[in-house]
Amino acid sequence: MTLEIPNDLAIALEAAGQAHLLGSWDGLNEGSRRNLLSALRALDLPQIQKLGEHLRKPMEHEAQSFEAPITFPLDRTDEQLTHAQKAIDLGESLLSESKVGFVLVAGGQGSRLGFDGPKGMVPVGPVSGLSLFGWHAARLTAAKQRFGMRITWFVMTSATNNGATRAFFEEQKFFGLGSENVHFFTQEMLPALDQEGRIVRTAPDQLFLAPNGHGGTLQALRSEGMLDLAASLGIEQFSYFQVDNPLVRPADPLFIGLHAMAGADMSSKVVTKNEPGEKVGVLGLADGKLGCIEYSDLPESLRQERDPDGQLRFRAGNIAVHMIRRDFAEQLTQDGQLDLPWHLARKNLKGIDAEGQVAEIPGVKFETFVFDALGAAANSVTLEVRRDEEFAPVKNAEGSDSPASCRLALTESFGRMFEAAGHPLPERNADGTLPIEVDPRAAENADEFCAWIDHLLELQRPTTPTENGWLYR
């Protein structure tokens, strides 16, 4: 029997202004008809109509006032040092009680890096070749060892890398964390629209779908049952981080404790901008509302403005590391709808036109940003951290924020551990990196390294170096 479009679906598409999706139906074979029908049935047509309305809305007004956020600084007064110690104690208690769950955003592919596979599989260990996934797993294993906690790891994938990511974790035996403690959930994909609000197609039987932005992590936690699972496990807080930064400290007692002591809904880590022209978003208040101020939105005079001590006034560079209360995430996703604003990315999309020919179509992708949730938070903490200790993202194939720059940052952090322990540094490699690597399960900072160095040297340092250098684990 020849497959036909159900009448009710055809009527719904017509009412939603998407009848063009059926224009090539008669020319499709049975396999292509099944593909298209499956894609059409998955559409949330009321949502798409609402997205289309955004195309006709006037641009949002520009903010009239900007304020720098109050941060918990790196250079601390005696009072702040006392507060920090109390926060560390509380953070360690919450970790030991397994009240913190870990949310990794890992929906990207490594194509921009010349890597065929999920970005989390990209090797960055300077000696071991450990992948980004492996690096995060090692830090979580370290937390399990230090705090005696149960690790619950929520890994958000995308439709494009979900299968490969799951297969990699299985191949790696879930990095020793146990398959029962690693929970995959998938980010929602949204159709891209042309300037008239019609869904763009990439082929007669395929729709142009794009991820709904990192803000969609919150909605996916709800729709995939992760919020309910977290509640059943007694998890009260989520530590949120992205896959491309192996220096992130997901189980940081100070950050967790400061966030909890403040009763904050959502908190953030920031690093100081390198210089006024660095094109990064900064945390701040726009018209009194906390959020991330894009580089292009901050007036030039404010980018250059400095405090009396000479530091940039707007210097709190966003590194996409947050603490989020579980019940706050529940609040933002009530009734299955994400209560965050939509951002429109207008660009030419490679699709097919009305005649079925491949063409560049002026269109729009729709995204939500997780940092917009800061504006809805009843309270928030902004913790300043050292860039060289906690931020070395992998975004580009070469140059800054590349695998090479990431490996260099990692070895520099290991070098500081060596220097703190009074050990001489080995000769550098030709690319400037040090031929050393300290596994997070052995030590994550200079104090831990100093405490364990004799034990590591005596029992665990290889008698001969590995092919790429010395590996301490």
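The values are calculated or read from the model by the stated rules, or taken from the named source; none is laboratory data. Nothing here was measured: the structure is a model prediction, and the numbers come from that model. Quick reminder, even Gly has a Cβ in these numbers, built from the backbone with ideal geometry, and neighbours come from all protein chains shown.
What the table shows:
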quantity: Residues that are assigned to a strand (DSSP E or B) and more than 20 Å from LYS99 (Cβ to Cβ), drawn from region 206-249; calculated: GLN206, LEU207, LEU209, ALA210, PRO211, GLN242
quantity: Flag for PRO276 being of a type outside the set (Ser, Thr, Tyr), farther than 17 Å from ILE70 by Cα and either part of a loop (DSSP other than H, G, I, E, B) or modelled with pLDDT under 95 (or both); calculated: yes
quantity: Scan of region 326-359 for residues that are in a strand (DSSP E or B), surrounded by 16 or more Cβ atoms within 10 Å (Cβ to Cβ) and small (Gly, Ala, Ser), ordered by number; calculated: GLY351
quantity: Selection count where residues are outside any helix (DSSP H, G or I), basic (Lys, Arg) and either over 30 Å from LYS144 (Cβ atoms) or more than 23 Å from the chain's Cα centre (by Cα) (or both), scope region 59-110; calculated: 1
quantity: Matching residues, region 253-267, being farther than 24 Å from ARG146 by Cβ and either basic (Lys, Arg) or surrounded by 24 or more Cβ atoms within 10 Å (Cβ to Cβ) (or both); calculated: MET266
quantity: Residue match in region 93-106 (condition: among the acidic types (Asp, Glu), on the phi < 0 side of the Ramachandran plot and outside the structural domain of PRO362 (by TED's automatic domain parsing)); calculated: no
quantity: Strands (runs of 3 or more DSSP E) completely within region 145-205 that count 1 or more residues being more than 22 Å from the chain's Cα centre (by Cα) and surrounded by 17 or more Cβ atoms within 10 Å (Cβ to Cβ); calculated: 201-203
quantity: Flag for SER38 being outside the structural domain of SER267 (by TED's automatic domain parsing), more than 23 Å from the chain's Cα centre (by Cα), surrounded by fewer than 11 Cβ atoms within 10 Å (Cβ to Cβ) and over 29 Å from SER296 (Cα atoms); calculated: yes
quantity: Some residue of region 401-420 being of a type in the set (Phe, Trp, Tyr) and closer than 30 Å to MET261 by Cα; calculated: no
quantity: Residue satisfying all of: in region 111-133; touching a helix residue (DSSP H, G or I) at 6+ places or on another chain (Cβ under 8 Å) and in a helix (DSSP H, G or I); farthest from VAL155 (Cα to Cα) among these; calculated: LEU113
